[in-house]
1. Out of residues 5 or more away from His341 or on other chains, whose amide H comes under 5 Å of its own, with H placed 1.01 Å from N in the peptide plane?
2. Give the residue from Gly214, Tyr129, Leu486 lying farthest towards the positive end of the charge dipole for the chain; charges sit on Cβ (+1 for Lys and Arg, -1 for Asp and Glu) and the dipole is referred to the Cα centre.
3. Run through the range 211-302 and list the trypsin sites (Lys or Arg not before Pro) located in a DSSP loop whose Cβ has at most 15 other Cβ atoms within 10 Å.
4. Might you list the cysteines of the chain that have no disulfide-compatible partner by the rule of another cysteine's Cβ under 4.7 Å?
5. For the range 354-483, what's the relative contact order in percent, using C-alpha pairs closer than 8 Å and at least 6 residues apart?
6. Evaluate the charge dipole of the chain about its Cα centre and quote only its size in Debye, nearest 20, assuming +1 on the Cβ of each Lys and Arg and -1 on the Cβ of each Asp and Glu.
7. Once amide H atoms are placed 1.01 Å from N in the peptide plane, what residues at a sequence separation of 5 or more from Val416, or on another chain, have their amide H within under 5 Å of its amide H?
8. Any idea which of Ala509, Gln522, Val419 is furthest toward the positive side of the dipole for the range 403-531, if Lys and Arg beta-carbons carry +1 and Asp and Glu beta-carbons -1?
Amino acid sequence: MQTADLFADPAEDRSGDIQSRMQALRIQLHQYAHQYYVQDAPTVPDAEYDRLFQELQSLEQAHPQWLTSDSPTLRVGAKPLEAFAPVRHAVPMLSIRTETDTESSGAQAFDARVRRELELSDADAPVEYVAELKFDGLAMNLRYEGGVLVQAATRGDGETGEDVTQNVRTIGQIPLKLSAPNLPDVLEVRGEVYMRRDDFDALNERQRARIAAGAKGEKTFVNPRNAAAGAVRQLDPGIAAQRPLSFFAYGAGEISPQEAVGVFGSHMELLQTLKKWGFPVAAQVDIAQGATELVAYHQRIGAMRDQLPFDIDGVVYKVNSLALQQRLGFVTREPRWAVAHKYPAQEQLTTVLSIDVQVGRTGKLTPVAKLAPVFVGGVTVTNATLHNEDEARRKDVRVGDTVIVRRAGDVIPEVVSVVLDRRQGEPAAFQMPHSCPVCGSVAVREEGEADYRCSGGLFCSAQRKQAILHFAQRRAVEVEGLGDKLVEQMVDAGIVRTLPDLYRLGLTALAVLDRMADKSAQNLLEALQKSKQTTLPRFLFGLGIRHVGEATAKALAQHFGKLDAIMDASEDHLLAVSDVGPIVAKSIRTFFDQTHNREVVEQLRACGLSWEEGEPADKAPQVLAGKTFVLTGTFPTLSRDQAKDLLEAAGAKVAGSVSKKTSYVVAGTDAGSKLDKARELGVAVLDEAAMLEMLASNQ
Ligand code: IVH
């Protein structure tokens, strides 16, 4: 098939060849649908599919005489895969109309349609809705007879799905047997099988390791939905069982005897009952009165979308009353009582303008794809990391390629894959340079390592800049106002070569820098002065020793008490620290074995950097050892970092989220969902005063 003309601007179809455009769209959409539904291996983002689908739909509306019976617009999903036995659904599995307008007006349009259909006037009360998340997984029908799971089926084309019972039985969250009184004889629960983001990342990590170890026929997955679909439709249930899947219930299919249906007057009651019967129902389900509350829900969920542990692509609104649902009925395959209201897509297509290689603090060379700007996951993305040589090679991204870019959650944007169909000609494959693009030193990739590193060390200005920024950051010694622009200038002008040089700066030296007024120079000198009084963990972390992050720096400081003790510790001694393994121990030893690194430390001390030194840990009281704290909100006297330091000094662990393992939540003002979670799980809640008392009384 010729694809080049497919993506021409439709407005240029002035030749009048609309019919062939429609034909091309049908072919392309069929191909994409096959890749998505049958092969579980989509090659373009949903947003791209939707765009072409809508183009075909509007052409068919404008030219109904050219609508053909094989048009993908007339079908839901795809024909089931032959490997699984077909299941005819007792009640068809419908799709939902999608409100393509991602702005709040989308919710208003739906409410207006519902009110019109129900012949309500402005004087009538708002319609009551249930607002839910739109999970990005795959729809599943779970059939229970006599309370026992007898069949699980995919949606397929809506009428006939696939029997995937074996695989679905391996999903821990799906009850195999219900044990509630008054269960209907037949109960079909509908919901979404999905994969959590952390499970997805871990799975892909494992897949990459397998591929690296030479396993044949293994692949990584494009996104959690694709991984979930692949697992459910896996022919070997043993493999399916190793793919971590989850489930949320959001509706029902057949329920008989019919009298049992009478139990539910509303969709919300149905969801509550499903929850009581042991099905997972998302905590974010909510009642919304009228359009105003739908809009508020859309905004509220939109703001927390990145923090959810799983992907959603929108929210779903459903008329709550089942009687009203019946009155509203269906249009073709879509109920009039429900609508999906989307968010901006997390995957988009864009093109690769160039592939740059950046040099990090430790000399690591990272290939980065420079992209034509694209709005994805709520931000404009122009760069995406290709991680390292192997990843760049595996993805085979080349300059000029059309690629899928994904940004989900707070994670950094990623090139998911290349759309090979759209590669023009034969662009050269990316080659990792064997010398540093900044200083020209040899770049080496050590045996067993994924990364090339510049061997230039502090001779390399890129490494110097990064090392200085790392040292000056807030979590290290904190030199306020010393950002990347300034460091760049200082290093380029040659006035700062090493860390101690920073503390030797005077007003005259700073005057050579661009845009450096007296006042800002003065401020910088004051900030440098202030940074001299620091703590041992901050200083250690600031040195930028490979593998020594904040937590390790704290553990080292606590264990040894004094910097000299750390600098002279043997690998064996270092291994005795809770956070330190062989790689870290070796890296610390190597760092302090280099004379120039010891000199840097000595010079910094000579410049006046100082911190309190303590006794080795076994003498310090570890009164909160084994306890886990979570901090939330703003405290009256301490900053969060200070509270964290105090707790850690007493041996406690400070975690980011509340779980059953949390010992205490310390809540300040404006505490949010963590406090709710603590109450839900019955975790003890303290205020700052109670926490301080606990620290003091236990001394
Ligand atoms: S209700 C009659 N609720 O969206 C409505 N569907 O086109 C039947 N989906 O693939 C579906 N989250 O799996 C409903 N909270 C939710 C949903 C949801 C995701 C999916 C569903 C199907 C598609 C519907």
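The numbers here are math on the coordinates, done by the rules we state, and not lab data. The shown structure was predicted, so the numbers you read here are calculated from the model rather than taken from an experiment. When we count neighbours, we look across all protein chains shown, and the Cβ atoms used for this are built from the backbone with ideal geometry, even at glycine.
1. Amide H neighbours of His341, under 5 Å, 5+ apart: Glu99, Val315, Val316, Tyr317.
2. Gly214
3. Lys216, Lys219
4. Cysteines lacking a close Cβ partner in the chain: Cys607.
5. 24
6. 860
7. Here Ile404, Val405, Arg406 satisfy the definition.
8. The Cα lying farthest towards the positive end belongs to Gln522.
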